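Undergrad: First, the structure itself, so that you have it in front of you.
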Amino acid sequence: MMKMWGITTKRQKNPMTTEEFNQSNYEHLYERMKLISYMLIFTYPCFFIVDFVFFKNLDNPVFKMVLSAVHITGLLISLIFIMIYRSHKVSKSVVVNGFILLYLLIGAVSSINSQLFTGNIYAYIIILLAIGAIFPIRPRYLFFHYALVHIGFLVGLFFIKLDHFSYLSMLINSTGTAAISFTIALAFYSFRKNDFLNKQKLNRSEESFRRLFNVNPNPLILAKMGTDEIVLMNKQAIDYYQLNSNGIEPFDIHFLFRNSEERQEILKRLEAERSIKNYLLEQKISQKWSLLNFELVDYMDDTCMLIDATDITDLKKKEAELLEHASIDMLTGVRNRRSGIELLRELLSAGSHATEFILCYIDINNLKIVNDCFGHSTGDDLIKTSCETINLHLGKKEVLFRLGGDEFVVIFFNKQLADVEQVWNQIHLSFKDINDSKQKPYQISASHGYYHYKLETPITLEEMLELADQDMYKNKVHYKNQQAELVRN
């Protein structure tokens, strides 16, 4: 982690972190003492029944007196702790250490007292093991408690005047138990300390990650891989997706995708590849185009996906403008030859998704005469006016494009030849209205021909245009004959 941030330091213990652990450990043991005290308080009545009922007729007054004193002392210790538990003025470390030392002494006294009656040291051994497992305090303090009490315990046994072998046996058993108890406490203490330090390191790493996450200039989202729940979202992402302005508070990443199928596709790819770069997506909420990068990362014991967004909306707009310029005829504003031919190729290669259509091939009449008599600017006006007039009578589904010069093509969908002919009659009437109004110095007219494409017809694009052109030429011949007849009359 140090190398990641460009920092190199020597590995050394952090005394502040160790002190923080000890404070945390004492707070934890302090709470544990509360539970132990309550348990002992509810248990002591049983001990008193033994002291004053079962041992009532026992002919050993010293044993009975010491046993009762031990039980009463234990009860008083537990009651005193419960009374001071809520106090903020006491030192928790002092209380815990005092609690441990007193109960070790109680165990030692109980076992020494047992030599007057039962001859065992079970009480001391049980408390040693319990202290080691339940109260793993700082090892040097625990060692001091064990050493102090154990020496006193061995001295107490010595003065009872046990025989040599009994004393040696108890010395070995009790000392071995103390060593085992200390080892258990040391193991628990080391485990808890390492766990605490690792969590501290993890917290610092997470804090560093959060800081970098929040200051990143790009919109960032961190979400759980399994549930898609959003864990983190920086301010840039909130602003980018307009979550403040429209009141949307997303709890998962569904709002990022157009549909669930797209989301599932991303998740499957991410599981397989662990990283997806430059995924182009139009955002539903913000109506913006984004270039997304997905990365699998581990965060707080969860596998998460880190989503980085780059706004390319302006770039897409420019791309659309360039595409429009590349697809639109500059004079007429309709599709140009390249765009129209591409559309026709798509229609012919659609396979099972193909649809029938009627291709209308149009040739504007007398363009050369208008150019020669009035100039090319007037000829351009003739083309533009004719195109605008034709376009007025087309529906939203029909497509008009300029094939070149004075030639245009209209693609009619979901219409029969009779319907198309009716449309053309309306166009012809509009031409006549313009001519009758004398708005232009020329007469507008156009010749047209059709080709009806039906599904699975074996024909090429070139053949289709040629057949429509031939049909148009028949119409043009008829138009020229009419004009000639008018001139003769």
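Undergrad: Given (1) among the polar types (S, T, N, Q); (2) open to solvent by 60 Å² or more (accessible area, probe 1.4 Å); (3) farther than 30 Å from residue 198 by Cα; (4) assigned to a strand (DSSP E or B), where does residue 242 come up short, assuming only one miss?
TA: (4)
Undergrad: Among all residue pairs at least 6 apart or on different chains, which show Cβ distances below 6 Å where the first residue, located in the stretch 74-89, is in contact (Cβ under 8 Å) with a residue 40 or more places away in the chain and the second is of a type in the set (Ser, Thr, Tyr) and open to solvent by less than 30 Å² (accessible area, probe 1.4 Å)?
TA: 78/37; 81/37; 82/37
Undergrad: Determine if the stretch 358-365 includes at least one residue that is modelled with pLDDT of 90 or more and surrounded by fewer than 20 Cβ atoms within 10 Å (Cβ to Cβ).
TA: no
Undergrad: How many residues does the stretch 103-136 hold that are open to solvent by 20 Å² or more (accessible area, probe 1.4 Å), under 17 Å from residue 175 (Cα atoms), among the hydrophobic types (A, V, I, L, M, F, W, C) and modelled with pLDDT under 90?
TA: Residues flagged as open to solvent by 20 Å² or more (accessible area, probe 1.4 Å), under 17 Å from residue 175 (Cα atoms), among the hydrophobic types (A, V, I, L, M, F, W, C) and modelled with pLDDT under 90 within the stretch 103-136 amount to 2.
Undergrad: A follow-up question, please. Any residue that is without any contact (Cβ under 8 Å) to a residue 60 or more places away in the chain, farther than 30 Å from residue 136 by Cβ, of a type in the set (Lys, Arg) and assigned to a helix (DSSP H, G or I) - is there at least one of those in the stretch 200-218?
TA: Yes, because at least one residue in the stretch 200-218 is without any contact (Cβ under 8 Å) to a residue 60 or more places away in the chain, farther than 30 Å from residue 136 by Cβ, of a type in the set (Lys, Arg) and assigned to a helix (DSSP H, G or I).
Undergrad: Another question, if that's okay. Exactly one condition in (1) out of contact with any strand residue (DSSP E or B) (no Cβ under 9 Å at 6 or more places or on another chain); (2) more than 26 Å from residue 418 (Cα to Cα); (3) in a helix (DSSP H, G or I); (4) open to solvent by 20 Å² or more (accessible area, probe 1.4 Å) is false for residue 388; which is it?
TA: Of (1) out of contact with any strand residue (DSSP E or B) (no Cβ under 9 Å at 6 or more places or on another chain); (2) more than 26 Å from residue 418 (Cα to Cα); (3) in a helix (DSSP H, G or I); (4) open to solvent by 20 Å² or more (accessible area, probe 1.4 Å), only one is false for residue 388: (2).
Undergrad: Checking the structure you have, find out if any residue of the stretch 363-375 is polar (S, T, N, Q) and outside any helix (DSSP H, G or I).
TA: Within the stretch 363-375, one or more residues are polar (S, T, N, Q) and outside any helix (DSSP H, G or I).
Undergrad: Suppose we keep only residues that are touching a residue at least 40 places away in the same chain (Cβ under 8 Å) and open to solvent by 10 Å² or more (accessible area, probe 1.4 Å) within the stretch 376-385. Which one would you say is nearest to residue 423 (Cα to Cα)?
TA: Within the stretch 376-385, the match that is nearest to residue 423 (Cα to Cα) is 385.
Undergrad: Further, regarding this structure: Keeping to the stretch 252-292, report how many residues are under 28 Å from residue 202 (Cβ atoms), under 16 Å from the mean Cα position of the chain (by Cα) and open to solvent by 40 Å² or more (accessible area, probe 1.4 Å).
TA: 3
Undergrad: Do we find a residue being of a type outside the set (Val, Ile, Thr), at pLDDT 90 or above and open to solvent by 30 Å² or more (accessible area, probe 1.4 Å) anywhere in the stretch 69-76?
TA: Yes: the stretch 69-76 contains one or more residues that are of a type outside the set (Val, Ile, Thr), at pLDDT 90 or above and open to solvent by 30 Å² or more (accessible area, probe 1.4 Å).
Undergrad: Starting from the stretch 298-316, take each residue that is closer than 16 Å to residue 210 by Cβ and at pLDDT 85 or above and list its partners that are basic (Lys, Arg) and surrounded by 19 or more Cβ atoms within 10 Å (Cβ to Cβ), counting only C-beta distances under 8 angstrom and pairs at least six apart or across chains.
TA: Note: no pairs meet the criteria.
Undergrad: Take the residues in the stretch 298-318 that are over 30 Å from residue 205 (Cβ atoms) and of a type in the set (A, V, I, L, M, F, W, C), then tell me which one is surrounded by the most Cβ atoms within 10 Å (Cβ to Cβ).
TA: Selected residue: 312.
Undergrad: What number goes with the only condition from (1) surrounded by fewer than 20 Cβ atoms within 10 Å (Cβ to Cβ); (2) closer than 23 Å to residue 30 by Cα; (3) out of contact with any Leu (no Cβ under 7 Å at 6 or more places or on another chain) that residue 139 does not pass?
TA: Evaluating residue 139 over (1) surrounded by fewer than 20 Cβ atoms within 10 Å (Cβ to Cβ); (2) closer than 23 Å to residue 30 by Cα; (3) out of contact with any Leu (no Cβ under 7 Å at 6 or more places or on another chain) leaves (3) as the failure.
Undergrad: Taking residue 196 as the residue in question, decide whether it is aromatic (Phe, Trp, Tyr) and loosely packed, with under 12 Cβ neighbours inside 10 Å.
TA: In short, no.
The values are calculated or read from the model by the stated rules, or taken from the named source; none is laboratory data. Because the structure is a prediction, the values reported are computed rather than measured. All Cβ positions, even for glycine, are placed from backbone atoms using ideal geometry, and neighbour counts span all protein chains on display. For accessibility, only protein heavy atoms count, side chains too; no ligands or nucleic acids. Shrake-Rupley method; radii C 1.70, N 1.55, O 1.52, S 1.80 Å.
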